[in-house]
Amino acid sequence: MEKNYGLAGNILRVNLTNGTIEKEPSNPSVFKKFIGGRGLGAWMLYHEVPAKTDPLGPDNKLIFMAGPTEGTITPGANKITVTFKSPLTNTYATSLCGGHLGPELKFAGYDGVVIEGKASEPCYLWIDDDKVRIMPAKHLWGKNTHETEDAIRKELGDINVKVAVIGKGGENLVKYACIQTDYHREFGRQGSGAVMGSKLLKAIAIRGTKSIPIAEPEKLAQLTLETYQILANHPKANARKKMGTNELVDGINSLGFMANKNFTEGTSLSAANITGAAMVRDVVFGDVSCYGCNIVCGKNTQVLSSKYGKVRIEGPEFETLTLLGTNTGVYDWEHILRATQIFDEYGVDTMSGGSAVALAMECYEKGIITDEDTDGIKLHFGNGEALCQVAELIGQRKGIGAILADGSLAAATKWGVPELAMQVKGSDFAAYDPRGAKGMGLTYATSPKGAHHMIAPTFGVEIAQNNRFSEEGKAALVRETQFFMAIVDSMALCSSMRFALDLGKQLQFISAVTGWDLNEQEAMVIGERILNVERMFNVREGFSRKDDTLPKRFLEEPLKEGSSQGQVVNLEKMLNEYYELMGWNQEGIPTAERLGKLGICY
Ligand code: SF4
């Protein structure tokens, strides 16, 4: 029988309502059409979750999907995706997580796991190669993320079992709760943890002992060696190895487009306290890597605090540092590490959590909310203790935390100032102020899951080409980057591998692993297909051009200081050009003709 190279062979379907567990053979021709991971997850969500499904109801699904290179020796091939309808945005959502979970799932014999329905009481899923069971978890409900991982490994008698868990944030349906693995790796952003909590699923534990068939093992070994050598000598990869993603702080801050104080400022002198170099000097005590990577960007950190005792975490990486730190005006390790630890233990996304607190701080400073709303917490920008107090309240859904747990847009709307929520489609911005890199404005506006930088991180090219303040040509750049990133995500590749692997090299890896012979043009069509499926999910939910926009702050309020001073985003022209290039109408709806060419029926 012909082998499906690169694939584990089955997709697991678990229905928590009736307790059924089924294995479906992985279909290589569908994989070829979408590569795997993000692409296949989007296709399955579009077909299996009908329009207007309640994101926190039993009909929503969690579709965990690995990629074909995942679990092989391909460098950085460790990102597994979970795809679902977001309770934060009501849009399509997908979230990627590194670490070791995805490779372990492949070793257990599965390319994906689809979670359906809702359990009658708390449970966890135990995947032990071919033996798959739904286990009771009443005794785990109420535990934080780290306690849950430890308890499950102890219960199963194996410290090497890989576990994905939710904390109390997911149980309490915080709309941006995340799923966590390896203690500090998250499926972050649009609320996968809340969806898992709504299903009363506390965890998924995996042990796998099988191997993955490879089409050309020698070619794969050669490509892998070459890539490791390129990465070992690459200045950017080396900066990341030394400082993690916080190597970005200096550059983005000095170019004046780093989130500061709910995006009221684009730069701060105080950021000098928390640069990558300062982190290495002050708090780093070890390195952490995902499966199969020689960049090793994860940093173990600790601070000895008179208030909080020994605070020991992994990270924070750049987005957390910025959204929890500079965006709340907090520029010290003690409070940034402690706030990260609180959100990690509750299983709550640090970026949306930080954005929600930053919004509340701006509202407090402007007198829109008062001590009465905050239970006396002095929510000024820069108050690190207040940041930590509110982080706890969000995880618990108590006091002002109950309002912020529904997301910054919901909170700002309740307070009568929706324009102060820095979000698109309900999802909060990443660190990069789009006024300092105009392509990022279009990226955020058109992302299928709300403001998300990794859908098309164009800022690096914009800086290199010295045209970051221009809107000219950005529609084409964003479109191409979106397609490229869809391939990276669907292969299960860490985005940092872009330092060594252009599209051509990525396709060589796909070919060595699977035997598929894709050229660059064919690959970009797959990327386009994925973007269109994601778009169609949202169109069916009622999203269109009116939702592809940015907060007024980015469109109308010029940055006051720094290297991006005076800049605003002129979005409409870029949007017109982007729709034109995508073959969509000017309402942002894909045309039947374009969908037909991409082989998508609707
Ligand atoms: S670069 Fe960092 S995030 Fe990416 S695979 Fe390596 S350790 Fe993981």
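For segment 153-203, which residues satisfy the criterion of being among the hydroxyl-bearing types (Ser, Thr, Tyr), at pLDDT below 95 and part of a strand (DSSP E or B)?
Answer for segment 153-203, where residues must be among the hydroxyl-bearing types (Ser, Thr, Tyr), at pLDDT below 95 and part of a strand (DSSP E or B): there is none.
Of all residues in segment 58-71, which are under 20 Å from Gly188 (Cα atoms) and not aliphatic (A, V, I, L, M)?
Asn60, Lys61, Phe64, Gly67, Glu70
Closer than 21 Å to Ile510 by Cα, among the aliphatic types (A, V, I, L, M) and outside any loop (DSSP other than H, G, I, E, B): which single residue out of Leu40, Leu12 fits that description?
Of the residues listed, the single one that is closer than 21 Å to Ile510 by Cα, among the aliphatic types (A, V, I, L, M) and outside any loop (DSSP other than H, G, I, E, B) is Leu40.
Is it fair to say Ala42 is of a type in the set (Gly, Ala, Ser) and either farther than 21 Å from Gln190 by Cβ or surrounded by fewer than 24 Cβ atoms within 10 Å (Cβ to Cβ) (or both)?
no
Could we say that Glu121 is part of a loop (DSSP other than H, G, I, E, B) and either more than 16 Å from the ligand (Cβ to nearest atom) or buried (at least 24 other Cβ atoms within 10 Å of the Cβ) (or both) here?
It is true that Glu121 is part of a loop (DSSP other than H, G, I, E, B) and either more than 16 Å from the ligand (Cβ to nearest atom) or buried (at least 24 other Cβ atoms within 10 Å of the Cβ) (or both).
If I go through segment 527-563 residue by residue, how many of them are basic (Lys, Arg), more than 19 Å from Leu575 (Cα to Cα) and buried (at least 16 other Cβ atoms within 10 Å of the Cβ)?
Qualifying residue count, segment 527-563: 1.
Of all the residues that make up segment 545-589, how many are touching a Pro at 6+ places or on another chain (Cβ under 8 Å), closer than 30 Å to Asp250 by Cβ and touching a residue at least 40 places away in the same chain (Cβ under 8 Å)?
6
Taking segment 124-149, which residues are of a type in the set (S, T, N, Q) and assigned to a loop (DSSP other than H, G, I, E, B)?
Within segment 124-149, just Asn144 meets the criteria.
Of everything in segment 285-337, what is among the hydrophobic types (A, V, I, L, M, F, W, C) and assigned to a loop (DSSP other than H, G, I, E, B)? Give them in sequence order.
Result: Cys290, Cys293, Ile295, Val296, Cys297, Val330.
What about Thr322, is it closer than 29 Å to Ala451 by Cβ and within 16 Å of the ligand (Cβ to nearest atom)?
no
Could you list, in sequence order, the residues of segment 567-602 that are among the aromatic types (Phe, Trp, Tyr) and more than 30 Å from Thr267 (Cβ to Cβ)?
Tyr579, Trp584, Tyr602
State which residue pairs qualify: first residue under 14 Å from Asp287 (Cβ atoms) and inside segment 225-246, second residue assigned to a helix (DSSP H, G or I) and within 11 Å of the ligand (Cβ to nearest atom) in any location, beta carbons under 6 Å apart, and separation of 6 or more residues or different chains.
Ala237/Leu231; Ala237/Phe499
Counting only residues that are touching a residue at least 40 places away in the same chain (Cβ under 8 Å) and more than 19 Å from the chain's Cα centre (by Cα), how many does segment 411-438 have?
12
Do the conditions hold for Leu409, that is, is it under 13 Å from Tyr176 (Cα atoms) and either aromatic (Phe, Trp, Tyr) or in contact with a Pro (Cβ under 8 Å, 6 or more places away or on another chain) (or both)?
Yes: the conditions hold for Leu409.
Consider segment 285-309. How many of its residues are of a type outside the set (Ser, Thr, Tyr), within 16 Å of the ligand (Cβ to nearest atom) and surrounded by fewer than 18 Cβ atoms within 10 Å (Cβ to Cβ)?
The qualifying residues number 6.
Would you be able to say whether some residue in segment 242-261 is under 28 Å from Ile166 (Cα atoms), at pLDDT 95 or above and either surrounded by fewer than 21 Cβ atoms within 10 Å (Cβ to Cβ) or basic (Lys, Arg) (or both)?
no
Could you identify the single residue in Leu96, Leu105 that is away from the ligand (no atom under 16 Å from the Cβ) and either part of a loop (DSSP other than H, G, I, E, B) or within 18 Å of Met196 (Cβ to Cβ) (or both)?
Leu105
Do any helices (runs of 4 or more DSSP H) lying entirely in segment 444-526 carry at least 2 residues that are buried (at least 24 other Cβ atoms within 10 Å of the Cβ), and which ones are they?
Once the helices (runs of 4 or more DSSP H) in segment 444-526 are filtered for at least 2 residues that are buried (at least 24 other Cβ atoms within 10 Å of the Cβ), what remains is 474-491, 503-514.
Looking at segment 297-317 only, could you name the residues that are within 19 Å of Val249 (Cβ to Cβ) and either touching a His at 6+ places or on another chain (Cβ under 7 Å) or among the hydrophobic types (A, V, I, L, M, F, W, C) (or both)?
If the condition is that a residue be within 19 Å of Val249 (Cβ to Cβ) and either touching a His at 6+ places or on another chain (Cβ under 7 Å) or among the hydrophobic types (A, V, I, L, M, F, W, C) (or both), then Cys297, Val303, Ile313, Glu314, Gly315 are the ones that fit.
Can you work out which of the residues in segment 70-90 that are in contact with a Ser or Thr (Cβ under 8 Å, 6 or more places away or on another chain) and of a type in the set (S, T, N, Q) is farthest from Ser427 (Cα to Cα)?
Per the criteria, the residue is Thr74.
Conditions (1) within 16 Å of the ligand (Cβ to nearest atom); (2) of a type in the set (S, T, N, Q); (3) under 26 Å from Tyr92 (Cβ atoms), marked per residue:
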| site | (1), (2), (3) |
| --- | --- |
| Val488 | yes, no, yes |
| Leu493 | yes, no, yes |
| Leu501 | yes, no, no |
| Ser511 | no, yes, no |
| Gly515 | no, no, no |
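Residues Thr53, Thr83, Thr74: which one is away from the ligand (no atom under 16 Å from the Cβ), part of a loop (DSSP other than H, G, I, E, B) and hydroxyl-bearing (Ser, Thr, Tyr)?
Going through Thr53, Thr83, Thr74 in turn, just one is away from the ligand (no atom under 16 Å from the Cβ), part of a loop (DSSP other than H, G, I, E, B) and hydroxyl-bearing (Ser, Thr, Tyr): Thr53.
If you go through segment 527-567 one residue at a time, how many are part of a helix (DSSP H, G or I) and more than 26 Å from the chain's Cα centre (by Cα)?
Total satisfying the criteria: 1.
When you scan segment 22-42, do you find a residue that is among the aliphatic types (A, V, I, L, M), over 22 Å from the mean Cα position of the chain (by Cα) and farther than 25 Å from Ile455 by Cβ, even just one?
Among the residues of segment 22-42, not one is among the aliphatic types (A, V, I, L, M), over 22 Å from the mean Cα position of the chain (by Cα) and farther than 25 Å from Ile455 by Cβ, which makes the answer no.
For segment 375-384, what are the residues that are farther than 18 Å from Lys307 by Cβ and surrounded by 20 or more Cβ atoms within 10 Å (Cβ to Cβ)?
Once the filter is applied, which keeps residues that are farther than 18 Å from Lys307 by Cβ and surrounded by 20 or more Cβ atoms within 10 Å (Cβ to Cβ), segment 375-384 yields only Phe381.
The values are calculated or read from the model by the stated rules, or taken from the named source; none is laboratory data. The model shown is predicted, which means the values in this text are computed figures rather than measured ones. Every residue, glycine as well, gets a Cβ built from its backbone with ideal geometry; the counts of neighbours run over all protein chains shown.
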